[in-house]
1. Does at least one position in region 139-146 carry a residue that is within 18 Å of residue 8 (Cα to Cα), surrounded by fewer than 16 Cβ atoms within 10 Å (Cβ to Cβ) and among the acidic types (Asp, Glu)?
2. Looking at residue 87, is it in contact (Cβ under 8 Å) with a residue 24 or more places away in the chain, not basic (Lys, Arg) and not in a strand (DSSP E or B)?
3. If we scan region 47-63, do we find a residue that is assigned to a loop (DSSP other than H, G, I, E, B), surrounded by fewer than 14 Cβ atoms within 10 Å (Cβ to Cβ), under 20 Å from the mean Cα position of the chain (by Cα) and in contact (Cβ under 8 Å) with a residue 24 or more places away in the chain?
4. I'd like to verify a number: residues in region 1-36 that are under 14 Å from the mean Cα position of the chain (by Cα), more than 18 Å from residue 71 (Cβ to Cβ) and in a strand (DSSP E or B), how many?
5. Give all pairs with beta carbons closer than 8 Å in which a residue from region 119-148 that is over 15 Å from residue 62 (Cα atoms) meets a residue that is of a type in the set (Ser, Thr, Tyr) and part of a loop (DSSP other than H, G, I, E, B); count only pairs at least 6 apart in sequence or on separate chains.
6. Might you check whether a residue that is hydroxyl-bearing (Ser, Thr, Tyr), over 30 Å from residue 97 (Cα atoms) and in contact with a helix residue (DSSP H, G or I) (Cβ under 6 Å, 6 or more places away or on another chain) occurs anywhere in region 143-152?
7. From 148, 205, grab the single residue that is under 30 Å from residue 68 (Cα atoms) and touching a strand residue (DSSP E or B) at 6+ places or on another chain (Cβ under 8 Å).
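What follows draws every value from the coordinates through simple rules; no lab data is involved. Just so you know, these numbers come straight off a predicted model, no measurement behind them. Here the Cβ positions follow ideal geometry from the backbone for every residue, glycine too, while neighbour counts run over all protein chains shown.
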Amino acid sequence: MDAQTCIKKLGYVGVLNFATVDEHGAPQVRNISAIHYEEDALYFFTARGKEFCKQLLNDGRVQILGYTRYKESIRLSGRAVPVPDSEQGKWIRTIFEEQPYLENVYPGDTKKIGIIFCIRGFSIEYFNLGVNPIFRETYEVGDGKEERKGYEITETCIGCGKCLKVCPQKAVEKREPAPYRIMQEHCLHCGNCYENCPKKAIQCRL
């Protein structure tokens with residue numbers, strides 16, 4: 001798996017959840033399908049009068065989530081910016097050609113109410129629940145930054161094995177001498193090890 005494959009999978013899903021925050025800091029989610037995919041960028045169309053557009057212009061941060069039929073969750077985090085005015089027409093034509101249904105939504109010149117945003121420099125979290133053990137990985141595209149998440153076992157671990165026993169995915173690796181190690185690619189981030197460690201030797205990175 002890699003970032004480009006994840007982007008292709010998002011394209012197969014088609015309709016994606018886009019999350020932003022409003023002026024009060026409240027979460028806002030909507031479905032978007034007017035998207036064009038490049039190896040290192042996503043272009044998408046919305047109308048200038050929509051609250052979605054206003055939130056993007058005000059802040060720009062956005063998370064995009066797609067879920068495949070194979071139990072794969074793909075989450076893209078980045079910042080959306082309007083493409084230059086000189087390129088708006090090009091990308092509107094591209095997206096409308098790839099998504100013919102849009103002509104029913106914005107026929108003729110009404111599509112001029114639209115604006116194209118682009119996301120470059122983002123991170124992708126891939127999470128596959130359809131395999132055992134589960135598999136997760138994070139990828140960076142451009143200047144996107146990976147955020148460390150999950151749990152890790154510190155040097156205060158005494159090697160009692162409690163974390164290994166309670167992990168639903170057996171994502172804890174026994175090591176001698178301690179500390180044990182959490183295999184991040186198989187970790188659910190459920191916190192069962194954290195809650196059951198008798199020495200509080202596990203710390204959360206969420």
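1. yes
2. yes
3. Among the residues of region 47-63, not one is assigned to a loop (DSSP other than H, G, I, E, B), surrounded by fewer than 14 Cβ atoms within 10 Å (Cβ to Cβ), under 20 Å from the mean Cα position of the chain (by Cα) and in contact (Cβ under 8 Å) with a residue 24 or more places away in the chain, which makes the answer no.
4. Residues in region 1-36 being under 14 Å from the mean Cα position of the chain (by Cα), more than 18 Å from residue 71 (Cβ to Cβ) and in a strand (DSSP E or B): 4 in total.
5. Once the first residue is over 15 Å from residue 62 (Cα atoms) and sits in region 119-148, its partners that are of a type in the set (Ser, Thr, Tyr) and part of a loop (DSSP other than H, G, I, E, B) give 128/70; 130/70.
6. Yes: one or more hits.
7. Sole residue among the options that is under 30 Å from residue 68 (Cα atoms) and touching a strand residue (DSSP E or B) at 6+ places or on another chain (Cβ under 8 Å): 205.
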